[in-house]
Amino acid sequence: MAMGYQHLLPTSNSSDYYFIPSLEELATMETLQPGYCTRVPHFTVGRFGYGHVDFIGETDVTSHVPLDRIVKFHKHEVLVYDEENEYITKPLVGQGLNKPAQVTLTLQFSLPLTQSSCVVDRLKLCTQKQGARFVSFDPISCEWKFIVDHFSRFGLSEDDEEDIVMMEEEQQPPDDVHVSDIRLMEQDQLLLSHSLPIHLGLDPAKMKEMRLLMFSAQNQEAQVSDGLPITSNFSSGKKYLRSYTQEQTRDMNRSSPPAVRRTPLPLLEYHPSGHQSTSNGTILMSQENKSLPLKSSSTKGFMLDLEHEMPVSGTLSGNVVDAGLFMGRSFRVGWGPNGILVHCGSPLGSTNQHSVLSSVINLEKVAFDRVARDETNKVREELVSSCFDSPLELHKALDHETRSIEVGDFQLKLLKAVSNPVMLPEICQSYVEIIEKNLEISRLSSHAQKLLIHQVMIWELIKVLFSERESDVEKHVELDGEEDMMYDAKEGSSEADVEALPCVRRAKFSFWLQESIHHNVEDDVSRLDVSNYLEQIFLLLTGRQLDKAVELAVSMGDVRLACLLSQAGASMSNRIYVSEQIILWRKNGLDFSLIENDRMRLYELLAGNVHGALGDKKVDWKRFLGLLMWYQLPPETPLPVIFSTYQNLLAVYKAPHPLPVYVDEGPVDETVTCSTTKHFDLAYYLMILHANGGSRFDFLKTMFSAFSSTNDPLDHHMIWHQRAVLEAVGAFSSNDLHALDMGLVSQLLCLGQCHWAIYVVLHMPYVPDYPYLHANLIREILFQNCDSWNSRHSQRQFIEDLGIPVEWMHEAMAVYHNYYGHSLEALENYLACKNWQKAHSVFMTSVAHTLYLSGEHSKMWKLVSIMEENKCEIESWELGAGIYVSYYHIKRFLEDNNSLNEQDSLENKNNACKMFFNCLHDSLALWGSRLPLDGRAAYLRMAEEICNLTLLESGRESATSEVLLASYSTVLSAPIPEDGRSCHLQEAISHFTCYLTERAS
């Protein structure tokens, strides 16, 4: 092997990179043919799942840097020789890996084949802009191939990725153009300038030249963020337009309208709050003025009135910022607590068609439900009470079983509601009464009323499907014991009750179904022509309003039809007779044109042929289910069989989808999109749950989604109770519905009901894989909502009654007070929660010097005494709060004059002072910059006071000169100011001179 290339053999540190030939093969070939690594033919570098680079011709792969650091694959891009990496030197074109190659990138999109031509056009445009040559695009494997002459960075920009993703949603090209899209195309043709140079009176073109000279390696990413024109890189605007209807449909699936991403506009105007603006309390910038020259003639720059508030305050902001700061790749969106959204796009829900200004910062509360809000979007206390407090109080009144879990040194009592199926009707009726009170609230929209009525029907359905009679429960209990098997007459009656129970439940469900669809039937009948009585009768039959149907037929003189209607669904023999008659007519070649179509529909329905009766007529899913139950299936068919029959028809698309009520019963107040394959009505899920009998629960997550009962994805206030009651009576059991629990927790927190949020957390099932889930959630709620629960005594008491450790509450309050600078309150709470180390830190950095300098020694002594009892748990106690303890002890010791041997006492006092001063020096060195200026001042004052007491004791007539000089030596070692030290030094010299004079004489 040639020793010159041995240390330059190619290496790699990443396991997901591969090479052809492999690194082992290269090392072998280099051994057999020295210099082989400088002329490797058809060399390939790739990364699994991202793509590969095939270098054309022979390639020199020798390098002192691992190959995976030279060739970097990222999502939809490849970078060879990163110029920002100071350890990698990019060779000249044609040398090393900076040579012609074919690049293959794997696009991580699932695109329809119908859009392959559009994708190819887009990729060709991107390839051309980057100075490469497009080769091909495979829509099956999503591989994009192109050839480059040399390397820098190649791939898709963010805008290109967004456009291709949008193609996935657009199956057809738009037929019309939206006004905002036209405006966007016009703006893309403008030459935009940077906001800072133009307002500082500088020429943007010269600024660009200076930057390119000083920072030649900057990539186009910086150019985009600075707002400078780009001529050969990615486009700054969208090139594909979308129709208004498609854009509107996509917006339905989002929580807010998408902000169009554009090149930043220059900052031209400043509108303070209260002046012309498009959003309240924000600072706006106007669009670019086409007549504005690029070179500003003013040298003043952009001046702001300092009277206007600039930092973020309240719920809105007033910041004027550089557009590039917020339009760079690093900026997306920011979320604050309780649904506060920080963004620089258009205000949510805004209908303003003007272009989005990049330097407008909006702070909006968007993540809130609409349950407790009136028509003006204001929270109403009566709605909070009726929609949240009352149902939760009812749930709290149910029987609960508890389970204690260990969380460190504390215990949490998890709760679970339990009930008897016999009590279910009473529980459901209580919830119905609460909802009926909500219906009495004034100014409710029609949509809100529909949802409330639907909730009433859901509770009624739960009562019908899952309740049991007391005799049934007693029978089950009796059958568990062998000693109670000897019953004669009783046994027969019990069996009769068991046999009758499915029929009773079926009759109750039939009545529920009639009540549920009654208003729909009435609405449809009222819209019909009075003369078309046959169609009216058919609609009445879909709601099983047989009395009205018979009366209508009699009133029209159709007596025979009335007789048939009176027996509709009564027995199978009647249906067979009608069916045989229709078959006989067809065999005999009856001309059916002589019979009205609506009459034949009725005959088909009376014969049990539901699909034949409906034909092309559309009915909702509940009425279709009723038709199956009342006219097609035998009268004794149990409910599980009825539900399974409908489910089977639904699977083969022969039954209408059980759409949620807000979709099924007409338009709602807001535009809603609902996937008929993902979200069904909650009533349907309850039927399936009853039909399964507890055998499978794979649909529970979808069942207890907010979309199964309301179009508000953040509203879980009632479905959580329905889940809890069903689990309480044993209808199912699941430990995988934490999303529902957290949905209600978030909803309660947004309303300031953190005590109820903790109550809901305690009802979350215990999962062994996450043993600290409840503790972490509760502590987080306490920490983030101190204002709420601490300012309301009822909430605080409620939380304490739930068994939440008081120490957690004190810790939350300590963090809260420490954040707002209330150091003494923070210290007291840290002491209450026994966080001695944190209490000691707050004491030393914020509290001790304040109390000492203000002369509050009794309070100081009380605090240090509490901490001293637990000093073994405090790090560096002796050099922290122990300093103040030592100070008070030494001060008392120096002031004590009751010593028998006064000479020994002075020596002991002097030694104690010397030790105290040494501790002061060590403490100052330990705490350093953490001690504020007042803290150092407190140390100096303590040292001065001890120095004065020491010299006062040593200055007595009984003290010898040696003791006095030793005291001065101790005082001069104290951390005192230089002027005080100079005075003590002069006194020491004077006494020392006297001492020498005495010794000389």
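Going residue by residue through region 502-512, is there one that turns out to be farther than 22 Å from LEU625 by Cα, basic (Lys, Arg) and open to solvent by 10 Å² or more (accessible area, probe 1.4 Å)?
At the first step, the residues of region 502-512 found to be farther than 22 Å from LEU625 by Cα are none.
Checked region 502-512: no residue is farther than 22 Å from LEU625 by Cα, basic (Lys, Arg) and open to solvent by 10 Å² or more (accessible area, probe 1.4 Å).
Select from region 533-579 the residues that are closer than 20 Å to GLY612 by Cα and assigned to a loop (DSSP other than H, G, I, E, B) and list them in ascending order.
Passing the criteria: GLY543, ARG544, GLN567, ALA568, GLY569, ALA570, SER571.
Within the group PRO91, PRO34, which residue is open to solvent by 20 Å² or more (accessible area, probe 1.4 Å), within 20 Å of HIS150 (Cβ to Cβ) and either in the same structural domain as PHE137 (by the TED database) or more than 44 Å from the chain's Cα centre (by Cα) (or both)?
On the way: PRO34 fails: within 20 Å of HIS150 (Cβ to Cβ).
Just one listed residue meets the conditions, PRO91.
Output the residues belonging to region 680-716 that are more than 17 Å from LYS450 (Cβ to Cβ), under 29 Å from the mean Cα position of the chain (by Cα) and aliphatic (A, V, I, L, M).
Scanning region 680-716 gives LEU686, LEU700, MET703, LEU714.
Assuming GLU24 fulfils every condition listed in (1) outside any loop (DSSP other than H, G, I, E, B); (2) open to solvent by 30 Å² or more (accessible area, probe 1.4 Å); (3) in contact (Cβ under 8 Å) with a residue 40 or more places away in the chain apart from one, which condition is it?
The single condition GLU24 does not satisfy is (3).
If you go through region 580-605 one residue at a time, how many are closer than 16 Å to TYR533 by Cβ and either touching a residue at least 24 places away in the same chain (Cβ under 8 Å) or not in a helix (DSSP H, G or I) (or both)? Talk me through it step by step, then tell me what you get.
Going through region 580-605, the residues closer than 16 Å to TYR533 by Cβ turn out to be 595-603, 605.
Then drop every residue that is not either touching a residue at least 24 places away in the same chain (Cβ under 8 Å) or not in a helix (DSSP H, G or I) (or both), which leaves 595-596, 598-599, 601-603, 605.
Number satisfying all stated conditions: 8.
Please specify each residue of region 528-568 satisfying the condition of being among the small types (Gly, Ala, Ser), within 16 Å of VAL578 (Cβ to Cβ) and open to solvent by 10 Å² or more (accessible area, probe 1.4 Å).
Within region 528-568, the first condition is being among the small types (Gly, Ala, Ser), and the residues that meet it are 531, 543, 549, 553, 555, 557, 562, 566, 568.
Now restrict to residues that are within 16 Å of VAL578 (Cβ to Cβ): 549, 553, 562, 566, 568.
Listed by number, the list holds a single entry, SER566.
Which of the helices (runs of 4 or more DSSP H) contained wholly in region 892-982 include at least 3 residues that are open to solvent by 40 Å² or more (accessible area, probe 1.4 Å) and at pLDDT 80 or above?
Values: elements: 902-927, 933-954, 961-972.
Those helices (runs of 4 or more DSSP H) span 902-927, 933-954.
Output the number of residues of region 37-61 satisfying the condition of being open to solvent by 30 Å² or more (accessible area, probe 1.4 Å) and either among the β-branched types (Val, Ile, Thr) or under 14 Å from TYR18 (Cβ atoms) (or both).
Within region 37-61, the first condition is being open to solvent by 30 Å² or more (accessible area, probe 1.4 Å), and the residues that meet it are 38-39, 41-42, 47-50, 52, 54, 56-58, 60.
So of that shortlist, the ones also either among the β-branched types (Val, Ile, Thr) or under 14 Å from TYR18 (Cβ atoms) (or both) come out as 38, 47-50, 52, 54, 56.
Counting residues in region 37-61 that are open to solvent by 30 Å² or more (accessible area, probe 1.4 Å) and either among the β-branched types (Val, Ile, Thr) or under 14 Å from TYR18 (Cβ atoms) (or both) gives 8.
Considering region 776-823 alone, what residues qualify as being touching a strand residue (DSSP E or B) at 6+ places or on another chain (Cβ under 8 Å) and either part of a loop (DSSP other than H, G, I, E, B) or acidic (Asp, Glu) (or both)?
To start, the set of residues in region 776-823 that are touching a strand residue (DSSP E or B) at 6+ places or on another chain (Cβ under 8 Å) comprises 778, 802-805, 807-808.
Residues satisfying the conditions are LEU802, GLY803, ILE804, PRO805, GLU807.
Yes/no per residue for (1) closer than 21 Å to LEU414 by Cβ; (2) of a type outside the set (A, V, I, L, M, F, W, C); (3) without any contact (Cβ under 8 Å) to a residue 12 or more places away in the chain:
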{"residue": "PRO768", "(1), (2), (3)": "yes, yes, yes"}
{"residue": "ALA775", "(1), (2), (3)": "yes, no, no"}
{"residue": "ILE778", "(1), (2), (3)": "yes, no, no"}
{"residue": "ASN790", "(1), (2), (3)": "no, yes, no"}
{"residue": "GLU800", "(1), (2), (3)": "yes, yes, yes"}
{"residue": "ALA812", "(1), (2), (3)": "yes, no, no"}
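Within the set of pairs 6 or more residues apart or between chains, which connect a residue that is more than 18 Å from ARG122 (Cα to Cα) and of a type outside the set (A, V, I, L, M, F, W, C) inside region 137-153 to a residue that is part of a strand (DSSP E or B) and open to solvent by 30 Å² or more (accessible area, probe 1.4 Å) with Cβ atoms less than 7 Å apart?
none
Residues HIS822, HIS793, HIS774: which one is in contact with a Leu (Cβ under 9 Å, 6 or more places away or on another chain) and of a type outside the set (A, V, I, L, M, F, W, C)?
On the way: HIS822 fails: in contact with a Leu (Cβ under 9 Å, 6 or more places away or on another chain); HIS793 fails: in contact with a Leu (Cβ under 9 Å, 6 or more places away or on another chain).
Matching residue, one of HIS822, HIS793, HIS774: HIS774.
Taking the residues in region 99-115 that are among the aliphatic types (A, V, I, L, M) and modelled with pLDDT of 90 or more as candidates, determine which candidate is farthest from HIS52 (Cα to Cα).
Residues of region 99-115 among the aliphatic types (A, V, I, L, M): 101, 103, 105, 107, 111, 113.
Now narrow it down to the ones that are modelled with pLDDT of 90 or more: 101, 103, 105.
Values: ALA101: 10, VAL103: 6, LEU105: 7 Å.
Here the answer is ALA101.
Which of the residues spanning region 852-871 are assigned to a helix (DSSP H, G or I) and either closer than 14 Å to ILE883 by Cα or in contact (Cβ under 8 Å) with a residue 12 or more places away in the chain (or both)?
Our first condition is that a residue be assigned to a helix (DSSP H, G or I); within region 852-871, this holds for 852-853, 857-868, 871.
Scanning region 852-871 gives TYR852, LEU853, HIS857, MET860, TRP861, LEU863, VAL864, SER865, ILE866, MET867, GLU868, LYS871.
Yes or no, residue by residue, for (1) at pLDDT 90 or above; (2) of a type outside the set (Val, Ile, Thr):
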| position | (1), (2) |
| --- | --- |
| PRO502 | no, yes |
| LYS508 | yes, yes |
| LEU513 | yes, yes |
| ILE517 | yes, no |
| GLU522 | yes, yes |
| ARG527 | no, yes |
| VAL530 | no, no |
| GLU535 | yes, yes |
| LYS548 | yes, yes |
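Among GLU800, GLU811, GLU825, GLU856, which is the only one that is more than 30 Å from ALA724 (Cα to Cα), among the acidic types (Asp, Glu) and open to solvent by less than 70 Å² (accessible area, probe 1.4 Å)? It would help to see each step written out before you state the result.
Working: GLU800 fails: more than 30 Å from ALA724 (Cα to Cα); GLU825 fails: open to solvent by less than 70 Å² (accessible area, probe 1.4 Å); GLU856 fails: open to solvent by less than 70 Å² (accessible area, probe 1.4 Å).
Sole residue among the options that is more than 30 Å from ALA724 (Cα to Cα), among the acidic types (Asp, Glu) and open to solvent by less than 70 Å² (accessible area, probe 1.4 Å): GLU811.
Any idea which residue in region 426-442 is nearest to ARG380 (Cα to Cα), counting only those that are assigned to a helix (DSSP H, G or I) and among the charged types (D, E, K, R)? Spell out how you get there, then give the answer.
In the first step, residues of region 426-442 are kept if they are assigned to a helix (DSSP H, G or I); the result is 426-439.
This time we only want the ones that are among the charged types (D, E, K, R), so: 426, 433, 436-437.
On the way: GLU426: 29, GLU433: 20, GLU436: 18, LYS437: 15 Å.
By that ranking, first place goes to LYS437.
Against the condition part of a helix (DSSP H, G or I) and free of Cβ contacts under 8 Å to residues at least 24 places away in the same chain, how does GLU401 come out, does it pass? Spell out the reasoning first.
Working: part of a helix (DSSP H, G or I): no; free of Cβ contacts under 8 Å to residues at least 24 places away in the same chain: yes.
When the stated conditions are applied, GLU401 does not pass them.
The values are calculated or read from the model by the stated rules, or taken from the named source; none is laboratory data. As the structure is a computational prediction, the values presented were derived from the model and not from experiment. Backbone-built Cβ (ideal geometry, glycine too); neighbour counts: all protein chains shown. Accessible surface areas use protein heavy atoms only, side chains included; no ligands, DNA or RNA. Shrake-Rupley method; radii C 1.70, N 1.55, O 1.52, S 1.80 Å.
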